[in-house]
Every structure is written in structure tokens, then in C-alpha cells.
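Take a look at the structure below.
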Amino acid sequence: MIECPSCGRRQASLLICADCGSPIAAPLDCFAALGIPRKLTIDLGALERRYHELSRKLHPDRFASSAAPVRDASLHATATLTRSYRTLRDPVARGLYWLELNGEKLAENNKRVPPELAELVFEVQEQLAEMRDAPADSDAARGLAAQVAQRRGQLQATMDASLAELERNFVTWDRRPDEKMLTFELKAILSSIAYLGTLIRDVDRALENSKAA
Amino acid sequence: MSRIFGIDLGTTNSLIAAMEDGAPRVIAVGGNQRALLPSVVAIAPDGAITVGEPAIEMEPHLTVERDGRVAAVGFAGGEYGAVIRSVKRYMGLGGDEIAPEDRARYTFADLSGPVVRFQIGKRVFTPSQISAEILRALKDGAERALGAAGKEEKVERVVITVPAYFNDGQRQATKDAGRLAGLEVVRLVNEPTAASLAYGLNKREAGNVAVFDFGGGTFDISILSIKEGIFEVLATNGDTHLGGDDIDRVIVDWLLAELPDALKLDRHVWNSARMAAENAKKRLTDVAETPVVVELPGHSIRKHLTRDALERMAEPFLARTLKRCELAVADAKLTPADIDAVVLVGGSTRMPLVRQRVAAMFHTEPLCSIDPDQIVALGAAVQASVLMGMQGDMLLLDVVPLSLGIETMGGVMERLIHRNTTIPTSVAEGFTTAVDNQTHVDIHVLQGERELAKDCRSLARFKLGPIQPQPAGVPRIEVTFLIDANGILNVNARDERTGREHSVDVKPSYGLTDDEIERMLEEAIDLGEQDLEERLLISYRNDAEQILGALRKQLGEFGALVDDGERARMDEVVERLEAARIGTDRDLIAKLVEELNEVTTPFAERVMDAAIKLALEKKSVEELS
């Protein structure tokens, strides 16, 4: 139960008072904050409309002349709303948040190479090392940079495929919720996406450096 | 509740605006019905303060006297008093953060502290105090203009705009300035976002808008998505040290290239060259080439500047702005072709080259029907009315420009809130102790995009505690970092087991502490009443001086346009005003300024006609030759 700072009514946790419509700084999970069911598949258009509708009611700009406790509630409620929207809008952030809700998280720094990526990762690291060692502004360096740039395209394609698979799995998991299995599979796919993300960043940096040199 | 006004506290000029009959309008605060108040503050050796046009007159520069002699006039800095221009470049900076090119311009007290301090005579001034003087001049000017129009009203609550790319410290310093000026700063709004409000783009279909804001001292680019009255900023980028000032500096270097170094650094010489450079740059918006003259004692520099040459000088700066645009568009997950409209803001966007390049980049002709110098203030007035609940469903969702994080093991920056996150937003992070019976945890908050803490800007340090002595890792303290709608950080800590709030004593790494602000406020209140009277008197005197000066100049050039009867009436009022100006009766001065305005209006109109005719004749002669 939570008390509305404007009208004092005690009620179940919500960001908006059921009585007077004022903001309440309720500690809510991301789904509850946006008032949507806890599901992995989300209609992004509807989510955005819901976010805009709630923002109009909660945002500090609406309460610039209100009493301090109401202004404070508006600030915290909007912060919760914004964070929730950004988390749920992005499929990867949504997946990670789902793990968190179930008391799990990806291994710290995600050092272990996911087995299905091992070969690709090895080749990329090899190329990056060669590129670093090649004398700057030589034909060899330029040739390697071109190869790495091509490799980046391959990495991006793998990433896109993993993201598509994640979204496909969301649909399946929502239909047949098996907590244990779900967590296991979700973890596997999210850790390969995270790993790919780091790899793409490294490649981009190396390419950026070679351009600057 | 009193009305909320919109203020553009600019690097070069400042303005104040408010809604009138449903539309934003700037308020004429300067003499001669001008809305632009130059952001220039003169401080005399005795501490007397002058703001705006009259302060420019006191800038150290060289002037040609009647007998043809070149004389150095103005406050030369340090013990001789100083004229501070572009104070915004110094807002929120620590002494060690001043750009090298900004260092030589003024005399500073101790540059090792957390706040830049200008040394003027025996007194020191922080940038927030100087900015507060500009805000006060806007407040007084607006109250005077409203009073004169028969609409007595106090300016107490304001929205102040800041560059989107301002960091936490620069925002805090701006808020401090408002407080020091006795204003309630209801909201800080990002300049490009404010500008997007001024065009009423919400009345269009949904779309993506880029706001290109190239001012005197700062550059911002913001990408917004507008949908059903919601202005959502998708990404912002910029450089708080990139503006028209930089182009002026290159022109000055070129103008003074042949002078010995010692003379180049002379404040009188440099400023005279800067004025000449700025004027030449402005002229080249309309003409293809122009002479540039700097009069020095016993010598004058006469050069010719073409628009082509100016554009070559401006090119590196423009390239930097376009690079920022690319980054912002990519951060918004868009391509330049997705941008439906481009809004131009800031005086530097008057350069034809800037317009061409921006149009080429976004494949669309930029919107420029609203004066780029006024658009931010107008938008601030719109946002003020949103805050008063008078704009229906319209709502701004802005972002934080720089990532926020904490220093972790090995001096690495751990990002907690990423740049371009919609504000307000918060994140909670758990902390614990590393050794048994540890009673405090030190936390270092950073802002920036670099990997290492030492390359990011230090925002604040604080100690969590006192913590009950317990084995390492047992205490659980949850710290909430909240960025409010002004883009300013607030920190809260809570003991997770007891649920007790911890007090967090945040020591900002830069900027003023609350105690220092309190002290400055107390000092200001002591002098308050007297200050106000004096300020009003000074501002009326300045008005009088301005109108008298302008009239003298016009009579000198166009004396033939006045008939004897008219001249006699003018002389009579001038004489009374000259006498009143020395006295302390400000109402009398105001009344006589008004009276003089009235008797000289027909003459002023004739002068205007004649001047235009003359300019046209001259132009056609130039075209023929």
C-alpha cells in the first residue's frame, strides 16, 4: 500500500493516484510502471503511445507550481516511467531485465566465449592483432583494414540473426512458459549477443584507429 | 503564482521573452527598443557594475580622437576594472579547465581552485556572479518595459536556456546565477530544444527535426521526434567551446599577423581588432568583400577580406560542427535523409556557407524565418507557458547529453546512465564494504564518454556513512543517482537492511558549494535595497546617455533635416535631460527620456529614410564601378 502525496489516499502501488490523478513515487517493476502484462513480446507502437500518455500525466513540467512533495513524486514517478520504457523498448535490455526479475544475470564481464562463436571470435582476434602489428600506412595495413571491414559486415549479419532469433524465441516462450528452460536459453542467446556487441565495438575501434593513423 | 518568463542567457547576447496573447514575444530591455542585451558586464575599479551596450563602450579599445590621435580607452583589466564578455565560456569551470585562448583575456585570481574567479580591483567575481548581473539587467529591464506599457509586473520565476551539451557543473552554475539574481529558476531548458518549440512544429504532421545551433561560443545539434505535441529529443551532441568567437579569433590573427607579439596581446589592440573582425564577418553575409581597418597609434592596419577568404578561415570550425551532426544522427538511429526539417539557431548560422552546408547534409532547405538571435528566447517563453499549464498536451522530453558513472577498481569509469537517456531518470546501485569494520565508502561520480576515470570530468565525491562496523561485504547500501528535468544530478542513499536514509554530503568537484552561495546571497541582501535603487538609477542614466548620444550623432550627420522650431523644442528637452541625468531623480530622467523620444520621433524617421536612400545610392555606384 502506498499513500498519495496530494490527497492522502492509501492504495495499491500505482504511478497515478486512483482518486485525484496526481503522481505517486511508487517503487514498481518496469511492466507494472507501464501498466502492461509481464510478457516478453511487446507491441512497440502501443508501448510508445502508453509511455507518451503517462508522461503527459506525470512529467515534472505538469507540476512546476505544485507543492514540494507533489513535485518530488512527479520527478520520481517520471524517472521510473522513463527507465521502464527504455528497458522494455529494447529487446536485449528487456531480456536482461527478465533474467534479473528471475534472480539471474549474465556472468560478470561475460568473459567466456559462447561455444558457437568460438571460431569466428578466434579469426577476428587474429586479424585485429595482425592489423595492429602491420606498419602504419603500408599496403599491408590497408589490405588488412579492408579485410577487417568486410569481417565487420559478417559480424553484423550474425548479430542481426541473433536478434531476430531472440524475438522469435520471445513469442515461443510467451506461449509455453517453462521458467527453468526459458532462463537457460535466454541466458545463452543474450550472452552471445553481448559478446558480439563487444567484438563489433573492438573492430570499430581498430578501424577508427587505422583511419586516424 | 506569478508568470514565468523565458530567458536566453547567451554567450554574446541575452534576451527575455514572455507569452503575449498566445504568442511568444521578446521584451525590449535595452535602450532604443532593442531586445538584445549584449552579455557584456563592466566592473569599475570601485565595483560599480554596468551591463549591455554601455559596458561595450568601456571595453579596452583604441579610438580615434577628434584631433586624429589614437587613444587607448576603457577598463584595461585587473586593478583598472574589467569588462567581461562571453562569461558563459567560463561557467561551471575549474581554474584548470579554462581553454588556453580564454586565459590571456582576463586577470584571474588563483587558477587552482574549483571555480574560476575574475580578479577586479580588490574584489573577485565568479562567472555565476557576473551572469547574475546580466540576469538582473534583464529582470530590471523587463519590469521597466512592462511598467512603461502600463502592465506593472514583477519578474520572479524564469526558465533559463543552456546549451544542450552543458555538463552538470555548467548547469549548476547557471542555476546558481539565477539564485544570485533573486530569481526562481523553474527550469533549465536546452537551447536547441527550446528553439524547436518556437516554430510551433507540433502543428505539423509527425516528423523528425534537426536543430543546428551555432552561436557565439557554443555549438549544439539536437535531433527530435515530434508526435502529437510530444517533443522527444532522440539525441544531442555538441561542443561547448566552438562558436563564432573562434572564427573572429582567426580573423584577428590574420589582421594582426605583422605586429610584434607583445602588441598582439595588448588588450586595447586585441579588442579593437576583434571588433573590426566581427563587423567584417557580419558584413560578408551580404557583400562579397569588405575593407577591414584597425587604427593603432601612429599606424593603421588596412586589409581587404573577401567572403571566400572568410569561408576558408571558417571551414575547419564548420567541419567540426558537421562531424557532430553525423554523430547525433547516428545516435538517434536515423540517417540524414530521415530528417524532415532543420531549424537554424544562433548568429553564426547567418553565414551563407553554413546554410549551404547544412542544407547539403540534410537534403532540405533549413527553416530560418524566425530571427536566429531571438528564437531561443521565444522558445523559452513557450516552455514557460507549458510549465504554467497553458499549452494543452504539449510536452518536452529532453535527454542528458553526457553519460554519468562512477569510478570503479583500477580507475575505470562504470557507466550508470548513458548519454541521450530521457530525463528525468534514475538508477540505483548497491554498494558494500571491502574490509571488515569499514565505516565509510568513498564514491567518485564522473561524467563523460571515455573509458578511464581520469579522462572523464569529475562531478563530485562523497562518503557513504557512517556505516555500522560489520564484516566486509555485509552492509548493503543502495545509492540512487537521479537526473532531474534540468539535467542536474541528485544523490540519495539508503541502508537496504534498516531502510534508513543516509545523508549524502556531496562535494562538487567544481563549482560553488551551497555555503558559498548562501554567503554571496547574504552579502547581496545587505546591499539589496540600496543596490536596487542604484541599479535602477544607473540604468535610467544609461538610457539617457544612449538617446542623447544617438541624437547628437544624427544631428551631426543629418542636421539639415530639422527645422528651427523643431530644433528649439529638442534643445530645450535635451538641456533639461542633461541636467536631470546628473541628479538622482530617476523618475524625472525616465520622464524626460520619454519626452525626448516623442519630440525626436519625426526627425528619426526622416533620418532613417535619408540613410536608406544614401545606402542605396552608394550600392548602385558600387555595382556600376
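The values are calculated or read from the model by the stated rules, or taken from the named source; none is laboratory data. This is a predicted model, so every value here is computed, not measured. Note: ideal-geometry Cβ built from the backbone for every residue, glycine included; neighbour counts use all protein chains shown. Please note that ligands, DNA and RNA were not included when accessible areas were found on the heavy atoms of the full protein model with its side chains. Shrake-Rupley method; radii C 1.70, N 1.55, O 1.52, S 1.80 Å.
Looking across the range A:134-160, the residues that are open to solvent by 70 Å² or more (accessible area, probe 1.4 Å), farther than 15 Å from A:VAL203 by Cα and in contact with a helix residue (DSSP H, G or I) (Cβ under 9 Å, 6 or more places away or on another chain) come down to A:PRO135, A:ALA136.
Which members of the range A:170-196 meet the condition of being surrounded by 19 or more Cβ atoms within 10 Å (Cβ to Cβ) and in contact (Cβ under 8 Å) with a residue 24 or more places away in the chain? If you could, list the steps in order and put the result at the bottom.
To start, the set of residues in the range A:170-196 that are surrounded by 19 or more Cβ atoms within 10 Å (Cβ to Cβ) comprises A:170, A:173, A:182, A:186, A:190, A:192-193, A:195-196.
Selection gives A:PHE170, A:TRP173, A:LEU186, A:LEU190, A:SER192, A:ILE193, A:TYR195, A:LEU196.
Answer yes if at least one residue in the range B:419-427 is surrounded by 19 or more Cβ atoms within 10 Å (Cβ to Cβ), touching a residue at least 12 places away in the same chain (Cβ under 8 Å), within 14 Å of another protein chain (Cβ to nearest Cβ) and in contact with a Gly (Cβ under 8 Å, 6 or more places away or on another chain), and no otherwise. So far as the range B:419-427 goes, yes, one or more of its residues are surrounded by 19 or more Cβ atoms within 10 Å (Cβ to Cβ), touching a residue at least 12 places away in the same chain (Cβ under 8 Å), within 14 Å of another protein chain (Cβ to nearest Cβ) and in contact with a Gly (Cβ under 8 Å, 6 or more places away or on another chain). For the range B:109-118, the set of residues classified as assigned to a strand (DSSP E or B) and modelled with pLDDT of 85 or more consists of B:ARG117, B:PHE118, listed by residue number.
Scanning the range B:216-234 for residues that are hydrophobic (A, V, I, L, M, F, W, C) and touching a residue at least 40 places away in the same chain (Cβ under 8 Å), which turns out nearest to B:ASP340 (Cα to Cα)?
So in the range B:216-234, the residues hydrophobic (A, V, I, L, M, F, W, C) come out as B:219, B:221, B:223-224, B:226, B:230-231, B:233-234.
When the remaining residues are screened for being touching a residue at least 40 places away in the same chain (Cβ under 8 Å), the result is B:219, B:221, B:223, B:230-231, B:233-234.
Details: B:PHE219: 21, B:ILE221: 15, B:ILE223: 11, B:ILE230: 16, B:PHE231: 14, B:VAL233: 15, B:LEU234: 14 Å.
Looking at the filtered set, the residue picked out is B:ILE223.
Against the numbered list (1) away from chain A (no Cβ under 14 Å); (2) open to solvent by 10 Å² or more (accessible area, probe 1.4 Å); (3) in a strand (DSSP E or B), B:LEU446 comes up short only at (2). Among the conditions (1) at pLDDT 85 or above; (2) assigned to a loop (DSSP other than H, G, I, E, B), A:THR158 misses just one, which is (2). For the range B:480-488, the condition of being within 14 Å of chain A (Cβ to nearest Cβ), open to solvent by 20 Å² or more (accessible area, probe 1.4 Å) and either part of a helix (DSSP H, G or I) or of a type in the set (Ser, Thr, Tyr) (or both) holds for at least one residue.
Between B:GLU566, B:GLU598, B:GLU578, B:GLU622, the distinction of being farther than 28 Å from B:ARG283 by Cβ and either open to solvent by 90 Å² or more (accessible area, probe 1.4 Å) or at pLDDT below 80 (or both) belongs to B:GLU598 only.
Looking across the range A:50-87, the residues that are under 19 Å from the mean Cα position of the chain (by Cα) and not aliphatic (A, V, I, L, M) come down to A:ARG50, A:TYR51, A:THR78, A:THR80, A:THR82, A:ARG83, A:SER84, A:TYR85, A:ARG86, A:THR87. If you check A:ARG86, A:ARG49 for being of a type in the set (Lys, Arg), closer than 30 Å to A:SER191 by Cα and modelled with pLDDT of 85 or more, only one passes: A:ARG86. One residue stands out among those in the range B:370-412 that are away from chain A (no Cβ under 14 Å) and without any contact (Cβ under 8 Å) to a residue 40 or more places away in the chain: the one that is most open to solvent (accessible area, probe 1.4 Å), which is B:ASP371. Counting only strands (runs of 3 or more DSSP E) that sit completely within the range B:144-234, those holding 3 or more residues that are away from every other protein chain (no Cβ under 14 Å) correspond to B:207-214, B:219-227. Of all residues being farther than 21 Å from A:GLY103 by Cα and open to solvent by 40 Å² or more (accessible area, probe 1.4 Å) in the range A:23-35, which is modelled with the lowest pLDDT? Just the residue, please. It comes out as A:ALA25. Against the conditions (1) surrounded by fewer than 17 Cβ atoms within 10 Å (Cβ to Cβ); (2) out of contact with any Pro (no Cβ under 8 Å at 6 or more places or on another chain), A:PRO69 satisfies every one except (2).
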